[in-house]
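Below is one structure, written out as structure tokens; comments come after it.
Each value in this text was obtained by applying a stated rule to the coordinates, not by laboratory testing. Keep in mind that this is a model prediction, so the values were computed, not measured. Neighbour counts are summed over all protein chains in view; Cβ atoms, including those assigned to glycine, are modelled from backbone coordinates with ideal geometry.
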Amino acid sequence: MSTIALSTDRPMRGILLMVAGIASFACMDAIVKWMTAIYPLPVVVTLRSWFGLPFMLLLVHLQGGFGQLRSRRPAVHGLRFLFVLGLSFGFFWGLSQMKLVDAVALSFVAPILVALLSVPLLREHVGRHRWFAIGVGFIGVLVMLRPGSGVFQWASVVVLGSAFCYALLMVSTRAFKVTESSEALMFWPAFGIAVTGVLLAPFFWVTPAWGDLALFAAAGLFGTLGIVCLTHAFRLAPAAVVSPFEYSALIWATLLGYLLWGELPDSVTVIGAGIIIASGLYILYRETLQRGDARPVAPGMNPDDPTV
């Protein structure tokens with residue numbers, strides 16, 4: 001992939017790439033959910049990570065070479081590794097316990113958490129409009145969680161915890177993007193997860209079938225393809241144009257969940273997800289006004305930090 005700057009006057013291509021990238025991530029999530037029904041979670045995380053690394057290294061090579069992996073602040077990547085560790089194990093375990101669409105819908109709380117954490121950690125100003133949107137978003141979360149209803153499950157809390165780790169990951173990208181390259185911010189935490197998996201997997205090891213190895217390789221490919229699509233979507237069109245299409249994840253998750261497991265979201269999940277999405281879109285709108293369309297992090301994957 002060339003590092004030559006691309007024109008920003010092709011919004012339709014940007015939108016199509018965004019939708020394709022989100023579909024790729026949804027396919028990766030579906031494969032992981034399928035594999036966690038067969039293999040222990042540490043084995044799934046390990047194999048997905050190691051099959052993803054060659055594609056990630058190829059991406060780094062095409063975007064400028066391995067020299068970009070040099071770091072001036074190695075401790076930063078250690079901290080971000082902890083965030084990715086919580087994100088990976090938390091979300092993947094949640095996928096194994098929940099409907100695919102429910103886990104994806106709950107993960108939409110991440111941009112709300114980014115806006116919230118930017119106040120104490122980045123000293124950013126959040127006006128009353130965005131505080132209102134944050135509050136509304138958390139109402140949507142409560143609707144989905146349904147505490148005290150008998151439908152509540154701890155897997156939902158774990159998925160929310162993984163969204164919190166993701167938000168910390170995004171905030172750290174904002175904090176350290178000046179001193180560290182986006183390639184280094186992407187690669188080193190992912191490499192740390194792969195190494196951690198090697199240390200944990202022997203205690204849970206189950207030798208995969210050859211066909212399942214192909215699925216793990218497909219998960220790694222889908223993850224990298226999603227990174228490429230999102231990166232170029234943000235280069236081809238303003239963030240305010242392409243970011244809302246990240247919520248197409250709900251469509252792909254519903255479709256894959258129905259085709260593979262016969263899962264459909266219930267009405268309460270749809271209502272809660274709708275509230276969260278509306279809140280995230282309003283936060284995006286306010287950030288766009290303040291930053292002059294400067295590629296905000298919300299509402300989903302940061303194109304400069306495509307770690308997961």
Subset tally (residues that are free of Cβ contacts under 8 Å to residues at least 60 places away in the same chain, within 15 Å of GLU287 (Cβ to Cβ) and of a type outside the set (A, V, I, L, M)) for the range 100-131: 5
Members of the range 168-187 found to be surrounded by 21 or more Cβ atoms within 10 Å (Cβ to Cβ) and either assigned to a loop (DSSP other than H, G, I, E, B) or aromatic (Phe, Trp, Tyr) (or both), listed by number: GLU180, PHE187
Test set (1) more than 30 Å from ARG70 (Cα to Cα); (2) aliphatic (A, V, I, L, M); (3) out of contact with any Leu (no Cβ under 9 Å at 6 or more places or on another chain) - VAL159 fails condition number: (3)
Hits in the range 54-72 - residues which are buried (at least 17 other Cβ atoms within 10 Å of the Cβ) and part of a loop (DSSP other than H, G, I, E, B): GLN63, SER71
Any helices (runs of 4 or more DSSP H) falling wholly within the range 198-293 and containing at least 1 residues that are in contact (Cβ under 8 Å) with a residue 12 or more places away in the chain and more than 30 Å from HIS61 (Cα to Cα): 249-261, 267-291
